[in-house]
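In what follows, a single structure is set out as structure tokens and then discussed.
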Amino acid sequence: MQPLQCGSVTGWLLALLSPWAFAQPAATSTSSAFPVKSIRVIVPFGPGGPSDYLVRSVGIKLAESWGQQLLVDNRTGANGVVGVELAARAAPDGYTLVMATNGTHGINASLYSRLPYDTVKDFAPITRFALAPYLLIAHPSLPVHGVKELIALARQRPGELTWSYGGSPSQLAVELFKKTAGVNLIPVPYKGNAPAITAAISGEVSLSYGNVAASMPHVQAGRLRALAVGSLQRLATVPQIPTVAEAGFANFAGYEAGAWYGLLAPAATPRGIVERLNGEITRILKLPDVQQRLRNEAYAIFADTPEQFAAAIRAEIAKWAPIVKQAGLRAE
């Protein structure tokens, strides 16, 4: 056999193609072997919140099946922008992920005129974990017991009823309610959802949107009154509380208010790694004990595909853009 002559056309083609041919099995092998070490999950909010809880709930099971940990790295600041930017710039190898919310990947795209990353193009969606629907709560002194009565009262007393919020998702949920109902309510900012709920308990404000699990003990003790949940269907944990849409107003059909949480990777992460992460995490989210634990905390579980998650992000951006504009909330 004659040695290859690279000066020939055939020789040049083989010389050009051979590195590509050898690279493909290596990439496939990398995806199939993943993970070989711990995976860092950037949570762009402080410790102890829902993002932490969900990552750790899945991480325990992941360590059992893969033998690798999901390590939480809290990087707070600027409504999640600091942590999300860090994830966008990370190596696209599957070992740095970010826990996104409808705040970081829905509202912020419209809220900030300049972001140091592209909300859609710089990330590869893996799966949404769950939705935490908001619970519409009122101070017991407010003479209303449901959404229909609340809207009637707000129309009688425009600009008098105050509504606390503790972050951009709950703030925009208030603005969405105002726009949908056509009423003038006064949003009042607090440094976190817990202080916002406390303000409703003390009577500093008339209303708030609270986490179901955190708010219900106060409802049961008579310190708050639950008016409605912001989910599309009633929650199994509080089946006696109607949805906002059940008030019967046509504009509220399909109304949803809450915070969802999902996992993203940097955009250039190999598809095989994204699929492997999606497959294992959605399997864990569908385990009966995990589902029971999350439902006890009033989470609605998603466990969707990367394509479904990507579509949800685009829909979320479109949903909040007009609300941000109407409320005049755009920041630099």
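Of all residues in segment 182-191, count the ones that are outside any strand (DSSP E or B), out of contact with any Ser or Thr (no Cβ under 6 Å at 6 or more places or on another chain) and crowded, with 16+ Cβ neighbours inside 10 Å.
Within segment 182-191, the subset outside any strand (DSSP E or B) is 182-185, 190-191.
With the extra rule that they be out of contact with any Ser or Thr (no Cβ under 6 Å at 6 or more places or on another chain), the set shrinks to 182-185, 191.
In the following step, the residues that additionally are crowded, with 16+ Cβ neighbours inside 10 Å were identified as 183, 185.
Number satisfying all stated conditions: 2.
Out of everything in segment 239-278 that is in a helix (DSSP H, G or I) and charged (D, E, K, R), what residue ends up being farthest from PHE309 (Cα to Cα)? Outline the logic, then answer.
Applying the first criterion (in a helix (DSSP H, G or I)) to segment 239-278 yields 244-247, 250-252, 271-278.
Still in the running and charged (D, E, K, R): 246, 271, 275-276.
Values: GLU246: 27, ARG271: 15, GLU275: 13, ARG276: 15 Å.
Looking at the filtered set, the residue picked out is GLU246.
Which of the residues spanning segment 33-67 are part of a strand (DSSP E or B) and either without any contact (Cβ under 8 Å) to a residue 12 or more places away in the chain or open to solvent by 10 Å² or more (accessible area, probe 1.4 Å) (or both)? Before the answer, list the steps.
Kept after step one, since they are part of a strand (DSSP E or B), are these residues of segment 33-67: 39-43.
Once the filter is applied, which keeps residues that are part of a strand (DSSP E or B) and either without any contact (Cβ under 8 Å) to a residue 12 or more places away in the chain or open to solvent by 10 Å² or more (accessible area, probe 1.4 Å) (or both), segment 33-67 yields only ARG40.
Could you please tell me which pairs satisfy a Cβ distance under 9 Å, a separation of 6+ or placement on different chains, a first residue in segment 113-135 that is farther than 13 Å from ILE313 by Cα, and a second residue that is surrounded by fewer than 17 Cβ atoms within 10 Å (Cβ to Cβ) and basic (Lys, Arg)?
As it stands, the answer is SER113/ARG330; PRO116/ARG89; TYR117/ARG89, since those pairs meet every condition given.
Please find, within segment 208-229, the residue that is nearest to SER51 (Cα to Cα) out of those that are assigned to a strand (DSSP E or B) and within 23 Å of the chain's Cα centre (by Cα). Break it down into steps so the answer makes sense when it comes.
Step one: filter segment 208-229 for residues assigned to a strand (DSSP E or B), giving 208-211, 225-229.
Next cut, within 23 Å of the chain's Cα centre (by Cα) only: 208-211, 228-229.
On the way: SER208: 21, TYR209: 18, GLY210: 16, ASN211: 13, ALA228: 24, VAL229: 20 Å.
Ranking the candidates gives ASN211 first.
Do we find that SER168 is of a type in the set (Gly, Ala, Ser) and under 30 Å from GLU307 (Cα atoms) in this structure?
Numbers: of a type in the set (Gly, Ala, Ser): yes; under 30 Å from GLU307 (Cα atoms): yes.
Considered against the rule, which asks whether it is of a type in the set (Gly, Ala, Ser) and under 30 Å from GLU307 (Cα atoms), SER168 comes out as yes.
In segment 68-110, how many residues are in a loop (DSSP other than H, G, I, E, B), within 23 Å of GLU275 (Cα to Cα) and either charged (D, E, K, R) or under 16 Å from the mean Cα position of the chain (by Cα) (or both)?
Pass one, segment 68-110, residues in a loop (DSSP other than H, G, I, E, B): 68-69, 75-77, 89-95, 102.
This time we only want the ones that are within 23 Å of GLU275 (Cα to Cα), so: 68-69, 89-95, 102.
Within this subset, residues satisfying the condition of being either charged (D, E, K, R) or under 16 Å from the mean Cα position of the chain (by Cα) (or both) are 89, 93, 102.
Within segment 68-110, residues that are in a loop (DSSP other than H, G, I, E, B), within 23 Å of GLU275 (Cα to Cα) and either charged (D, E, K, R) or under 16 Å from the mean Cα position of the chain (by Cα) (or both) number 3.
Determine whether segment 246-261 contains at least one residue that is crowded, with 17+ Cβ neighbours inside 10 Å, farther than 21 Å from ASN296 by Cβ and at pLDDT 95 or above.
no
Quick check, is VAL147 under 28 Å from ASN296 (Cα atoms), of a type in the set (Val, Ile, Thr) and either touching a Pro at 6+ places or on another chain (Cβ under 9 Å) or surrounded by fewer than 20 Cβ atoms within 10 Å (Cβ to Cβ) (or both)?
Numbers: under 28 Å from ASN296 (Cα atoms): yes; of a type in the set (Val, Ile, Thr): yes; either touching a Pro at 6+ places or on another chain (Cβ under 9 Å) or surrounded by fewer than 20 Cβ atoms within 10 Å (Cβ to Cβ) (or both): yes.
Yes.
Return yes when ALA226 is hydrophobic (A, V, I, L, M, F, W, C), touching a helix residue (DSSP H, G or I) at 6+ places or on another chain (Cβ under 9 Å) and surrounded by fewer than 17 Cβ atoms within 10 Å (Cβ to Cβ) and no when it is not.
Working: hydrophobic (A, V, I, L, M, F, W, C): yes; touching a helix residue (DSSP H, G or I) at 6+ places or on another chain (Cβ under 9 Å): yes; surrounded by fewer than 17 Cβ atoms within 10 Å (Cβ to Cβ): no.
Answer is no for this residue.
Listed residues LYS179, LYS148; which is under 27 Å from the mean Cα position of the chain (by Cα) and in a helix (DSSP H, G or I)?
Details: LYS148 fails: under 27 Å from the mean Cα position of the chain (by Cα).
Within the list LYS179, LYS148, the selection yields LYS179.
The values are calculated or read from the model by the stated rules, or taken from the named source; none is laboratory data. Quantities reported herein were computed from a predicted structural model and do not represent experimental measurements. Backbone-built Cβ (ideal geometry, glycine too); neighbour counts: all protein chains shown. In case anyone asks, the SASA skips ligands and DNA or RNA and just uses the protein heavy atoms, side chains included. Shrake-Rupley method; radii C 1.70, N 1.55, O 1.52, S 1.80 Å.
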